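Step one of this worksheet: look at the structure below.
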Amino acid sequence: MSVVLSIIIPTHNRTTLLLRVLESLYNQSAEIGNRLEIIVVDDGSTEAVETGVNAFIEERKCNALIRYFHQVSSGPAAARNLGIHEARGDVVLFLGDDIIALPGLLQKHLLGHTIEHPDPNLAILGMAELAPEFLQTPFALWWKRWNFRYHLLLEGKRNPDFSFFYTNNLSLKRQFLLDHGVFDESFRYAAYEDGELGARLTKCGLRIIFEPAAQAVHYHEINLYTACRRMLTRGKSYDLFVQKTGLLGLSRIWSFIGAGPWMHPVIVRPLYRLADKLQYRTNWGFLYILVLMYCFNVGRGQKPTLPEIM
């Protein structure tokens with residue numbers, strides 16, 4: 001029986017969590033008649049990722065299901081491209097190595113492409129909500145809405161465009177990628193590389209369908225510090241995204257506020273300390289954004305580093 005669905009997972013030094021992801025997919029493999037493969041692309045890990053994956057394969061006797069590849073550290077864009085070129089399926093599903101699939105996820109993606117949306121230019125976006133144990137603080141609840149924006153789709157306030165090209169739970173036809181372009185490997189970080197591809201493919205007719213029933217759990221701890229690190233990474237890729245697409249990936253007003261001369265370490269340092277205390281007590285979104293936008297501009301090289309944050 002030929003492979004229909006190829007799941008591509010780039011990974012870096014998350015062996016334990018990756019194995020949980022593989023377990024969640026293995027448990028669903030029979031639902032779609034075993035017509036899938038899981039491609040793990042190790043992006044220069046220093047952990048023994050291959051050993052862990054091989055042990056998983058041996059224990060479950062699923063050597064036909066999982067394929068492991070290793071590359072010198074080049075970033076998730078290059079890792080996904082390797083997976084795309086090695087894939088045997090007609091449909092590729094991108095997942096993160098911290099995205100645990102809930103029951104029915106694979107079936108929703110597969111049926112969506114083969115029955116409901118067979119058009120070659122259709123992509124299916126599933127849900128990847130933060131794990132409940134990481135949503136116990138006002139800051140985490142605020143970040144969930146500000147960062148991922150699934151609520152806009154669920155409430156019908158937005159249609160999914162290129163900015164929702166989230167590769168933590170997204171599938172599309174492999175041939176459409178090969179015909180119109182894969183990831184730009186000049187993006188070395190996990191930031192804006194998926195949005196850039198989404199923008200480029202949109203010009204070639206890509207349409208994104210939101211399928212909230214294709215659910216997964218995003219197992220990633222979130223607090224002010226981890227969010228600051230995330231914004232630092234985004235800043236490193238932002239100017240490349242603008243250069244490649246001519247689009248803004250950020251609100252003009254927040255970009256202006258975060259880059260202003262008033263955002264000086266003397267001011268930001270006490271703001272960060274205050275936000276760090278308040279994140280467990282209340283939702284002060286404006287304060288959080290000030291600190292996060294400063295970190296964003298540190299990543300862009302426009303602001304000096306703060307040791308407390310970085």
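Scanning the stretch 7-30 for residues that are in contact with a Pro (Cβ under 8 Å, 6 or more places away or on another chain) and open to solvent by less than 80 Å² (accessible area, probe 1.4 Å), which turns out nearest to residue 83 (Cα to Cα)?
Restricting to residues being in contact with a Pro (Cβ under 8 Å, 6 or more places away or on another chain) and open to solvent by less than 80 Å² (accessible area, probe 1.4 Å), the top hit is 10.
Yes or no, residue by residue, for (1) open to solvent by less than 60 Å² (accessible area, probe 1.4 Å); (2) hydroxyl-bearing (Ser, Thr, Tyr):
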site	(1), (2)
2	no, yes
5	yes, no
33	yes, no
76	yes, no
81	yes, no
86	no, no
89	yes, no
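Does residue 34 fit the bill of being out of contact with any Pro (no Cβ under 9 Å at 6 or more places or on another chain), farther than 26 Å from residue 116 by Cα and not hydrophobic (A, V, I, L, M, F, W, C)? Walk me through it before giving the result.
Numbers: out of contact with any Pro (no Cβ under 9 Å at 6 or more places or on another chain): yes; farther than 26 Å from residue 116 by Cα: no; not hydrophobic (A, V, I, L, M, F, W, C): yes.
For residue 34, the condition - out of contact with any Pro (no Cβ under 9 Å at 6 or more places or on another chain), farther than 26 Å from residue 116 by Cα and not hydrophobic (A, V, I, L, M, F, W, C) - is not met.
Which one is farthest from residue 185 (Cα to Cα), of the residues in the stretch 22-52 that are more than 23 Å from the chain's Cα centre (by Cα) and not small (Gly, Ala, Ser)?
31
Has the stretch 152-160 got any residue that is in a helix (DSSP H, G or I), surrounded by fewer than 22 Cβ atoms within 10 Å (Cβ to Cβ) and among the basic types (Lys, Arg)?
First, pick out the residues of the stretch 152-160 that are in a helix (DSSP H, G or I): 152-154.
Still in the running and surrounded by fewer than 22 Cβ atoms within 10 Å (Cβ to Cβ): 152-154.
Still in the running and among the basic types (Lys, Arg): none.
No; the residues of the stretch 152-160 include none that is in a helix (DSSP H, G or I), surrounded by fewer than 22 Cβ atoms within 10 Å (Cβ to Cβ) and among the basic types (Lys, Arg).
Within the bounds of the stretch 218-235, is there any residue that is under 30 Å from residue 115 (Cα atoms), open to solvent by less than 40 Å² (accessible area, probe 1.4 Å) and touching a residue at least 12 places away in the same chain (Cβ under 8 Å)? First the steps, then the outcome.
At the first step, the residues of the stretch 218-235 found to be under 30 Å from residue 115 (Cα atoms) are 218.
Applying the additional criterion that residues be open to solvent by less than 40 Å² (accessible area, probe 1.4 Å) yields 218.
Still in the list and also touching a residue at least 12 places away in the same chain (Cβ under 8 Å): 218.
Scanning the stretch 218-235, I find at least one residue that is under 30 Å from residue 115 (Cα atoms), open to solvent by less than 40 Å² (accessible area, probe 1.4 Å) and touching a residue at least 12 places away in the same chain (Cβ under 8 Å), so the answer is yes.
Based on this model, can you work out whether residue 242 counts as buried (at least 17 other Cβ atoms within 10 Å of the Cβ) and free of Cβ contacts under 8 Å to residues at least 60 places away in the same chain? So that I can check it myself, show each step before the final result.
Details: buried (at least 17 other Cβ atoms within 10 Å of the Cβ): no; free of Cβ contacts under 8 Å to residues at least 60 places away in the same chain: yes.
Taking the combined requirement at face value, the residue does not satisfy it.
Would you say residue 281 is among the basic types (Lys, Arg), in contact (Cβ under 8 Å) with a residue 60 or more places away in the chain, open to solvent by 20 Å² or more (accessible area, probe 1.4 Å) and touching a Phe, Trp or Tyr at 6+ places or on another chain (Cβ under 7 Å)? Spell out how you get there, then give the answer.
Details: among the basic types (Lys, Arg): yes; in contact (Cβ under 8 Å) with a residue 60 or more places away in the chain: yes; open to solvent by 20 Å² or more (accessible area, probe 1.4 Å): yes; touching a Phe, Trp or Tyr at 6+ places or on another chain (Cβ under 7 Å): no.
Spelling it out, it is not the case that residue 281 is among the basic types (Lys, Arg), in contact (Cβ under 8 Å) with a residue 60 or more places away in the chain, open to solvent by 20 Å² or more (accessible area, probe 1.4 Å) and touching a Phe, Trp or Tyr at 6+ places or on another chain (Cβ under 7 Å).
Residue-by-condition table, conditions (1) out of contact with any Phe, Trp or Tyr (no Cβ under 9 Å at 6 or more places or on another chain); (2) in a loop (DSSP other than H, G, I, E, B); (3) surrounded by fewer than 19 Cβ atoms within 10 Å (Cβ to Cβ):
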| residue | (1), (2), (3) |
| --- | --- |
| 140 | no, no, no |
| 172 | no, no, no |
| 178 | yes, no, yes |
| 191 | no, yes, no |
| 194 | no, no, no |
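How many residues are among the acidic types (Asp, Glu) and part of a loop (DSSP other than H, G, I, E, B) if we restrict to the stretch 75-118? Reasoning before the result, please.
As a first pass, look at the stretch 75-118 and keep what is among the acidic types (Asp, Glu): 86, 90, 97-98, 116.
Filter once more, so that each one left must be part of a loop (DSSP other than H, G, I, E, B): 90, 97-98.
Final tally of qualifying residues: 3.
Could you list all residues from the stretch 62-110 that are out of contact with any helix residue (DSSP H, G or I) (no Cβ under 8 Å at 6 or more places or on another chain) and modelled with pLDDT under 95?
Matches in the stretch 62-110: 64 only.
Which of the residues belonging to the stretch 1-44 are in a helix (DSSP H, G or I), of a type in the set (D, E, K, R) and at pLDDT 95 or above? Give the derivation first.
Pass one, the stretch 1-44, residues in a helix (DSSP H, G or I): 15-26, 29-32.
With the extra rule that they be of a type in the set (D, E, K, R), the set shrinks to 20, 23, 31.
Residues satisfying the conditions are 20, 23.
Give me the pairs, please: first residue somewhere in the stretch 163-192 and under 13 Å from residue 77 (Cα atoms) and aromatic (Phe, Trp, Tyr), second residue anywhere and assigned to a loop (DSSP other than H, G, I, E, B) and open to solvent by 20 Å² or more (accessible area, probe 1.4 Å), beta-carbon distance under 8 Å, and either six or more positions apart or on two chains.
Once the first residue is under 13 Å from residue 77 (Cα atoms) and aromatic (Phe, Trp, Tyr) and sits in the stretch 163-192, its partners that are assigned to a loop (DSSP other than H, G, I, E, B) and open to solvent by 20 Å² or more (accessible area, probe 1.4 Å) give 192/249.
Look through the stretch 53-89, keep the residues that are among the small types (Gly, Ala, Ser) and within 16 Å of the chain's Cα centre (by Cα), and return whichever of them is nearest to residue 189 (Cα to Cα).
75
The values are calculated or read from the model by the stated rules, or taken from the named source; none is laboratory data. Just so it is clear, the model here is predicted, and its values are computed rather than measured. So basically every Cβ, Gly included, is an ideal-geometry build from the backbone, and we count neighbours across all protein chains shown. Protein only, heavy atoms only, side chains kept; ligands, DNA and RNA dropped before computing areas. Shrake-Rupley method; radii C 1.70, N 1.55, O 1.52, S 1.80 Å.
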